[in-house]
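These notes are about the structure you will find just below.
Just so you know, all these numbers are worked out from the coordinates, no wet-lab data involved. As the structure is a prediction and not an experimental result, all values here were calculated from the model. All Cβ positions, glycine included, derive from the backbone under ideal geometry; neighbour counts span all protein chains shown.
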Amino acid sequence: MRNYKLHLLLVCSLYCTSSAYAQSIFSIKEVTEGGTGYDVKIKTDTCKNGSVKTKYPNIDINSSLEIKLNKDSIKVRAGSFAGNNKSIPQEQMYIISQVLVKRADLIEKINIDSKARFEDRVKALGKVAANMQPVYDFILALPPETPLQIKAIEAFSIPGNESYIAFFNVLQDEIDRIKIEYKDAVEANKIYFRLGAFINETPVHLDGFDIYKEGEFYRVPRFATTIGQDEKDKFDKYKEIAEKANTDAGKVLNQMVKDALTQYANSLKEMVKARLSEPFLKFKIGIDTITNASADLKLKIQKAQADISQLESDIQHLIADAKNTDDPDYISKLKTGIYNLIQKVTTVKSSVEKTISEIKTSFSPSAWSAYNDFENAFNSGKDTLISIITQTKNFFETQIQSNLDITQNINESLLKLDNEVKKLPLENIPDETRLNLLTSAHRKEGDKLYLKAVVGKQPPGTETADEKTIDYIPIGLYQIALHSTINAVLLFVDNLSAEYPAKTQFQLDPSYSVLFKLGSRKHTAYNNFFEIGAGLNMATLDFNNDNTPEIGVGVVVSTFKDYLQVGVGRNMTIDQYYWFLGIRLPFLGVDLTGAAKNGGADK
Amino acid sequence: MPKIRRRVGKKIEIIMKLDNTIILPGDNPDLSKQLLTSLIQKEDVVSIIIFGRDLKAEDAVQKADVRASASPGGIARKVAWMQDLGMLGFLKTLIKADFGGSPGDIDLSEHIGISISMTDGLRSLILMHPAPNVLTMESAFNKASIIEV
């Protein structure tokens, strides 16, 4: 499930050794409401096992973005799209342009004053070396007769630091030459550029790139000042749970877990019922067809017949299992049953195939036809069963993700640029644009902002344009600056009072926590799962068991998006201390209360 | 300044000037060891060591010497020409494994030289084939200049 995947990812991330910023046509700066600027960059980590992990950035949900476009890079990609990508691979063009962008700075570092402090000189050299090495590597990898390599060797034949100036000139000439090549190709193919922005699936306005109107001004509140109705409802539910649990904690919690799992099982049952009948029917038809095909064939495949009968019986058992949602091992039995079924069908197919291969010379046309029908039914049924298994897995993952309010990245191909997004000739692309989230669209924490850049061509006389995505960036929207939430929390209170000792160690009580938190621009997993907060907790207690609520006030720290809290407090009514553990429900995706999912808690 | 002389007919011609190269004499192992130790243990120099005394080695030394004339970041570069291959064992005791490999990876049938960082780390193995050019040498010096993070 996703949580396990996340843990695996975290463990793997410990072994990710080198980091780099991904190539992008954008240079993005986030500007907060306070006017502070932050670079927004996609980072790629290369792990020891060779896999590359991409880390997408996060920004404050109320900020604005200054987006600069690297037009040279767009033109190169457009040229490549136009079909002229033989001169030099795009990635290597990027390496050269990156060095040239830093040219002035690198020359300054190369020629640093020899009287400067040794540490400063070492640092300058290190920076030069790190920036230059990718260019050297790629030029050295070119065939020896390549003009670029020949010119680079000429440049480095010049003694002293002057050689670097000569080398930069060689790189600049190369870029200029390729740009001309690409320009010609782009003009010949009437290439255009489009840039679109979306918040989740809603297109939003980008100055100069579309004709969408700005959205209504909406600032996601940073500080919660009122208790949302969701939280009030939860508080009432927790109160109910606490009252029951304080009577018989174990029994109530067992029932809660059972209720929650039954809820999932029922959903799964509906899904299975809706999908299982189709493959079963196909198998049945296939088996009937082949066994009834001809008397000759029937005789020959008697051995296989036994397997087929067994298969039919297994299918019946599986259907029975699928209906028996009261079985505590319902899900695992169903999964095992489906896998076993596939295995048995495969065995039967092999058995039938073997028999057929022995007798196929005497096959009548009707027998061939029957065999083909069986094979088609088999493949179709198997595919459907595998699809059900995948869906079952996805079903659980989706349940957990939705309970934690996690918005998944949307696949780039699903975000289509509408006609409102302009088709700009490459020479008319604005240098930069701005996106103010406050006037974009309604947003909530964890939503995604997507920037999608495409190049396209529509040769004269054709009706449809051919487009290719050249850059696609998902950016997480979170409350990064100090913000607060108010949540209902179910407390497990350990009463430290000697005056009013509790019968059991923990007493359950409903409460509210006001939590202050900071988000992370770099770590999405932190924002989605681990977010830590600190603040105050106010609980209604009953230490003296007089059925009159007492007020407790405590300090609390929280993690896992407030789902787990711990703190200490004081019962203000009877002047006694306590400590507590608090949880919010649904806890890690399991709705122990059976209550409706929280669809949009105030954040 | 070391000069390489070669007999051409009856004349002896100077065929290269090596401004930035220390020649480790093949006939004086003690002096060679002393020079090599001194070079590698210097903390403010990135270096390339070239092995052998054939024409290929001469050519490599010349190319490395050109690149050693540069000093990006104000940090000096030096070339050591190890003509006596018997010195390799001693050299291996002076350098540390780094992202160019470990001293044990040096294979005289494949490698004509190595580059060494300011912290005595082996940063690159310079291949004999294809014959190294000035860009190869610049790259080798550059690898020796990358700061470990």
Inter-site label distance for B:L31 and A:A116 at 7 Å from Cα along Cβ, in nm
3.8 nm
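May I ask you to sort B:M137, A:M132 by Cβ crowding, counting other Cβ atoms within 10 Å and putting the fewest first?
Ascending number of Cβ neighbours within 10 Å: A:M132, B:M137.
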Across bins of 10 angstrom width beginning at 0, how are the C-alpha pair distances of the stretch B:23-149 distributed, in whole percent?
14, 51, 33, 2, 0
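Just subtract the alpha-carbon distance of B:D120 and B:A76 from 0.36 nm times their residue separation and send over the number in nm, one decimal. If you can, show how the numbers build up before the last one.
On the way: separation 44, 0.36 × 44 = 15.84 nm, distance 1.46 nm.
Net length gain for the segment: 14.4 nm.
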Can you grab the distance from the C-alpha centre of the stretch B:13-62 to the C-alpha centre of the stretch A:109-167, Å, no decimals?
22 Å
XL table A:K68/B:K143; A:K232/A:K561; A:K29/A:K102; A:K123/B:K78; A:K71/B:K143; A:K237/A:K448; Cα-Cα > 21 Å flagged, in table order, is A:K68/B:K143; A:K71/B:K143; A:K237/A:K448
Rounded to the nearest 10, the angle in degrees between the Cα long axis of helix B:55-67 and the longest principal axis of the Cα atoms of chain B comes to 60 degrees
If I model a spin label as a point 7 Å beyond the Cα along the Cα-Cβ vector, how far apart are those points for B:K96 and A:E214 in nm?
5.8 nm
Calculated FRET efficiency for the pair A:L482/A:L536, C-beta based, R₀ 22 Å, to 0.05:
0.90
Relative to the longest principal Cα axis of chain B, at what angle does helix B:29-41 sit, 0 to 90 degrees, rounded to 10?
40 degrees
Provide the descending list of Cα extents for the stretch A:148-222 along its principal axes, expressed in whole angstroms.
63, 42, 18
Calculated FRET efficiency for the pair A:T54/A:Y500, C-beta based, R₀ 35 Å, to 0.05
0.05
So what J values fall out for the stretch A:195-205 if you push phi through Karplus, 6.51 cos²θ - 1.76 cosθ + 1.60 with θ = phi - 60°, rounded to Hz, Gly and Pro as x?
10, x, 10, 9, 10, 6, 9, 8, x, 10, 6
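In what order do A:L541, B:L31, B:L85 fall by count of nearby beta-carbon atoms within 10 Å, going from fewest to most?
Ascending number of Cβ neighbours within 10 Å: B:L31, B:L85, A:L541.
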Near-label residues of the stretch B:100-127 by backbone N, under 20 Å of a point 7 Å along Cα→Cβ of A:D137:
B:100-102, B:114-118, B:121-127
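Please state the charge dipole magnitude for chain B, taken about the Cα centre, from unit charges on C-beta atoms (+1 on K and R, -1 on D and E), reported in debye and rounded to the nearest 20.
Magnitude of the dipole: close to 620 debye.
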Mind giving me the FRET efficiency for A:T469 and A:E243? R0 is 60 Å, r the Cβ-Cβ distance, nearest 0.05 is fine.
0.60
What number, in percent, do you get for the relative contact order of chain B if the mean sequence gap of Cα pairs under 8 Å and at least 6 apart is divided by its residue count?
24 percent
Within chain B, what is the longest stretch that has no GluC sites (Glu not before Pro) placed in a DSSP loop and near at most 14 other beta-carbon atoms within 10 Å?
B:44-109
